[in-house]
Protein chains: 2
Amino acid sequence: MKTTKIDFVIQHIHELIKTRSISAGSRLPSVRALAKQLNLSVSTIVEAYERLASQGLIESKTGSGFFVSGPIPPLSISQIHPKIDRNIDPLWISRQSLEAKPDMLKPGCGWLPDDWMPHENIRKAIRKISKVESKILTDYSSPLGSPALRELLARKILGKGIEATPNQILLTDSGTQAIDLICRYFLKPNDVVLVDDPCYFNFHALLKVHQIRIIGIPYTPTGPDLNAFSQAITQHNPRLYITNSGIHNPTGARLTASTAYQLLKLVEQSNLIVIEDDIFADLELDPAPRLAALDGLSKVIHIGSFSKTLSGSVRTGYIATKSQWIEDLTDIKIATGFGGSHLSAEILYAALTDGTYRKHLDELKIRLAKSMDFTIKQLEKLKIRPWIKPQAGIFLWCELAKNLDTARIAQTCLENNVILAPGNAFSQSQNYKNFIRFNVAQCSEQKVFEVLSHAIQQEIELQKN
Amino acid sequence: MKTTKIDFVIQHIHELIKTRSISAGSRLPSVRALAKQLNLSVSTIVEAYERLASQGLIESKTGSGFFVSGPIPPLSISQIHPKIDRNIDPLWISRQSLEAKPDMLKPGCGWLPDDWMPHENIRKAIRKISKVESKILTDYSSPLGSPALRELLARKILGKGIEATPNQILLTDSGTQAIDLICRYFLKPNDVVLVDDPCYFNFHALLKVHQIRIIGIPYTPTGPDLNAFSQAITQHNPRLYITNSGIHNPTGARLTASTAYQLLKLVEQSNLIVIEDDIFADLELDPAPRLAALDGLSKVIHIGSFSKTLSGSVRTGYIATKSQWIEDLTDIKIATGFGGSHLSAEILYAALTDGTYRKHLDELKIRLAKSMDFTIKQLEKLKIRPWIKPQAGIFLWCELAKNLDTARIAQTCLENNVILAPGNAFSQSQNYKNFIRFNVAQCSEQKVFEVLSHAIQQEIELQKN
């Protein structure tokens, strides 16, 4: 029995080191403190530390305790969850979707099918750029990126009530890179970051790279739960909060004006910076309130991209924030990637200013609304209910019967060439085991529902045994 | 006098916090330890700590000493050097070069003039891509990136003796991003990284983002100083070493076979991972030995891009390393940027496989050799001597008279619309105050030398007074 306890302590320290909760050179908790924390005897801890020291993983320094020996193994995001349960790894859905073979169906992926995208618009933009002045083809872009595109973006976000000059806009390679730069600017290891629970799974993957602590705030149909938000501020002194105001991923909900207002009051009294990720903005029918508009880009940073509505191949995102932060963020962008893609920014500008983009959006919204209705009906037959019916967007967040494990259902579906997005991939609390996010634009084929129905049956059988 | 000393301690702690040498929540050195370290009295330190506490910057916890209060201000790379001396800021040259107005001359910048670049090659590649299958125009790329380009890269690096399968190659948005991903994978704050002294200034900027300790290894005409390298390993247990084997930036030197062999023997016995940045590879006349070839991609990671020889606008770089690291690096790439630019990779592939790229390189090498000779002759007239005469490439690393301050000379030149690259921007030791790096391709206009000559005269006058 004693050996088991010692092994438990050894395993515990191994985990702390592997997930970088303690880094090389750091002091381990004192024997007494750890004994108290784990509710074990001091002698168990002493024995465990001695074995770890003999393994060379830690070392004792006379009079100052035990320290982690260097070097620790490289950062592995997926190792943070055990490989065997790869379903709840935040990168599982991305990797499966990006690596999908052509004959696979992808109701779990986060983007539109290829044939929904405006190819002629992009082709025209590319041809236009092939004829322009040569600098665009071979030179690095200016530090902030294409002035024309930044002017256009300033006008676009003004339409949502966000006032920013073109010099308050920094172009990035993607929406994800925009968030990453902001994280690099504000975060240090062990800082606390708030995310919605559920939220876009890649926020978890991204934040794990920053080795910070993530706290999930329950998301309601009107925005984040304000009590939980307020409590989290008091308890954890968080540095960042990442959210979507317009069309929330994965729930499809939208922030209401009153929640937005209450939220900002809480933010004002805290050390929090808010990242408002507006990646699905162009799919809205009527715009939700934007935190960045209410707050006047004081503590809220607004980011976005066109990868969902125009092209995931032409990579360009943006950050809108106050001038004093733009300079430092630009330095970090140059230091870590040198410049943004000059060519992509110019192609994006050409495509956005072509009248066809607006037309494409109008058609897209109608097509999405139809797909939403179709998907809801199909799911009804399987007794799968949406958590809410979203006003717009591509996502439908659905609840299955309480005892069903959607991670296991997703694995069965994958064997049948259907990629699902199981609920817990989106969740810090892991309270969404029986949820699935559906991309309604990827649900046009009956096979999706057949395979799903079969997988649910299999899961129900499994539950019976 | 006592007040001055207290202010000095306060300033010292402010600096430690601002540069993140101590992070929020960390314990400050004990009063006694700091007194000893700074050679001041205990009472001076006590008074300084108390004033800092009353400013709210630090707080005391009974019985455990003083701790840094959170949150600390965001990361500012340029603040790490005082703004007033912006010349030796590692981002100074990048920002000036990227923001240069059209009428400015840029002997300090790191790339070729626009009219040296193969525009027709790029135009043709872009037109070709505008006609291809639609997925390339709008879909995200696969996690590793374009298979065709990775196959081509595998063949290209095999030409330098580096054996890698296409699945051991990961596409990135740039050479800089390649290095950044590797740093994210291997480094934690306070790790030690070795760089050449002098080295490409952006390595300093990039590493500052990672908040690690940089140790400079003196660079000799045959590669890094092996004694210093060996000593650094023993003293600092470094985790990474970043270098250029082919054409070294800024010196233009190349690694010799014997230095490469000795270096690898030292690396083998250490915890070091080596990043071999091969960005200027395509400009070599006959290839230098590659560390990655000798080492068989065991502890050496090979990276590169085509931004210097094809286009800085079409952004794509690559990492070649062992399979076990490719998977984790891909996860980090997706987490922090989602995908690479699908479009850029395909345009790059089209441009590289067009027969004109090889022809462009051949012409480029001849043109560069001529410019090198021209620049050396012009500099001779100003009594500026190259440290070595490089076999190939775009850089000439030059020494001026010992007492001249090239940072000040660069500021004078900037006032006259000429952007220089002063020596200490490349140097960890700051021992290259009287050096300048010239880009010979940007030195075709007499005005460069006239402005430089004038600025040197002004500096000499200043020295006299």
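The values are calculated or read from the model by the stated rules, or taken from the named source; none is laboratory data. This one's a predicted model, so the numbers in the text were calculated from it and none came from an experiment. Neighbour counts run over all protein chains shown; Cβ positions are idealised from the backbone, glycine included.
Residue by residue, here is whether (1) crowded, with 20+ Cβ neighbours inside 10 Å; (2) in contact with a His (Cβ under 8 Å, 6 or more places away or on another chain); (3) away from chain A (no Cβ under 14 Å); (4) not in a helix (DSSP H, G or I) holds:
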| residue | (1), (2), (3), (4) |
| --- | --- |
| B:LEU255 | yes, yes, yes, yes |
| B:TYR261 | no, no, yes, no |
| B:GLU276 | yes, yes, yes, yes |
| B:LEU294 | no, no, yes, no |
| B:HIS302 | yes, no, yes, yes |
| B:LYS308 | yes, no, no, yes |
Practice task
For the stretch B:425-465, name all the residues that are touching a strand residue (DSSP E or B) at 6+ places or on another chain (Cβ under 8 Å), assigned to a helix (DSSP H, G or I) and under 30 Å from B:VAL192 (Cβ atoms).
Solution key: B:PHE426
Fill in the blank from the handout: Of the listed residues (A:HIS210, A:HIS119), the one being over 23 Å from A:ASP278 (Cβ atoms), surrounded by fewer than 23 Cβ atoms within 10 Å (Cβ to Cβ) and not β-branched (Val, Ile, Thr) is A:HIS119
Exercise for the section: Give A:LEU40, A:LEU28, A:LEU34 a once-over and let me know the one that is away from chain B (no Cβ under 11 Å), in contact with a strand residue (DSSP E or B) (Cβ under 7 Å, 6 or more places away or on another chain) and at pLDDT 85 or above. Expected result: A:LEU28
Exercise for the section: Mind telling me which of the residues A:ALA351, A:ALA369, A:ALA335 ends up being closer than 25 Å to A:ASP282 by Cβ, within 14 Å of chain B (Cβ to nearest Cβ) and not basic (Lys, Arg)? Expected result: A:ALA351
Handout entry: Condition check for B:LEU91: modelled with pLDDT under 90, over 23 Å from B:LYS365 (Cα atoms) and buried (at least 22 other Cβ atoms within 10 Å of the Cβ)
Key = yes
Fill in the blank from the handout: How many residues of the stretch A:190-231 are away from chain B (no Cβ under 14 Å), part of a loop (DSSP other than H, G, I, E, B) and among the β-branched types (Val, Ile, Thr)? The answer is 1
Exercise for the section: Name every residue in the stretch B:425-439 that is within 12 Å of B:TRP397 (Cα to Cα) and surrounded by 24 or more Cβ atoms within 10 Å (Cβ to Cβ), in order of residue number. Expected result: B:PHE426, B:PHE435, B:ILE436, B:ARG437, B:PHE438, B:ASN439
Exercise for the section: Answer yes or no: is there a residue in the stretch A:405-424 that is surrounded by fewer than 22 Cβ atoms within 10 Å (Cβ to Cβ), touching a residue at least 12 places away in the same chain (Cβ under 8 Å), at negative phi and hydroxyl-bearing (Ser, Thr, Tyr). Expected result: yes
Handout entry: Options A:LYS131, A:LYS188: the member that is surrounded by fewer than 16 Cβ atoms within 10 Å (Cβ to Cβ) and of a type in the set (Lys, Arg)
Key = A:LYS131
Practice task
Return a yes/no flag: does the stretch A:338-354 have any residue that is more than 17 Å from A:GLY145 (Cα to Cα) and acidic (Asp, Glu).
Solution key: yes
Completion exercise
Per the filter on the stretch B:327-381, residues crowded, with 22+ Cβ neighbours inside 10 Å and not in a helix (DSSP H, G or I) are B:PHE338, B:GLY339, B:GLY340, B:SER341
Fill in the blank from the handout: When the stretch A:338-348 is checked residue by residue, the ones that are closer than 14 Å to A:ARG127 by Cα and more than 7 Å from every other protein chain (Cβ to nearest Cβ) are A:GLU346, A:ILE347, A:LEU348
Handout entry: Members of the stretch A:154-188 found to be within 13 Å of chain B (Cβ to nearest Cβ), hydrophobic (A, V, I, L, M, F, W, C) and in a loop (DSSP other than H, G, I, E, B), listed by number
Key = A:LEU187
Practice task
Output the residues belonging to the stretch B:388-407 that are in a loop (DSSP other than H, G, I, E, B) and in contact with a strand residue (DSSP E or B) (Cβ under 9 Å, 6 or more places away or on another chain).
Solution key: B:ILE388, B:LYS389, B:PRO390, B:ILE394, B:LEU400, B:ASP405
Practice task
Look through the stretch A:36-57, keep the residues that are outside any loop (DSSP other than H, G, I, E, B) and among the hydrophobic types (A, V, I, L, M, F, W, C), and return whichever of them is surrounded by the fewest Cβ atoms within 10 Å (Cβ to Cβ).
Solution key: A:VAL42
Fill in the blank from the handout: Taking the stretch B:237-253 and the residues there that are part of a loop (DSSP other than H, G, I, E, B) and of a type in the set (A, V, I, L, M, F, W, C), the one that is nearest to B:ASP295 (Cα to Cα) would be B:ILE247
Handout entry: Hits in the stretch A:112-153 (condition: closer than 12 Å to A:HIS342 by Cβ, facing chain B (nearest Cβ under 8 Å) and in a loop (DSSP other than H, G, I, E, B))
Key = A:SER134, A:ASP139, A:TYR140, A:SER141, A:SER142, A:PRO143
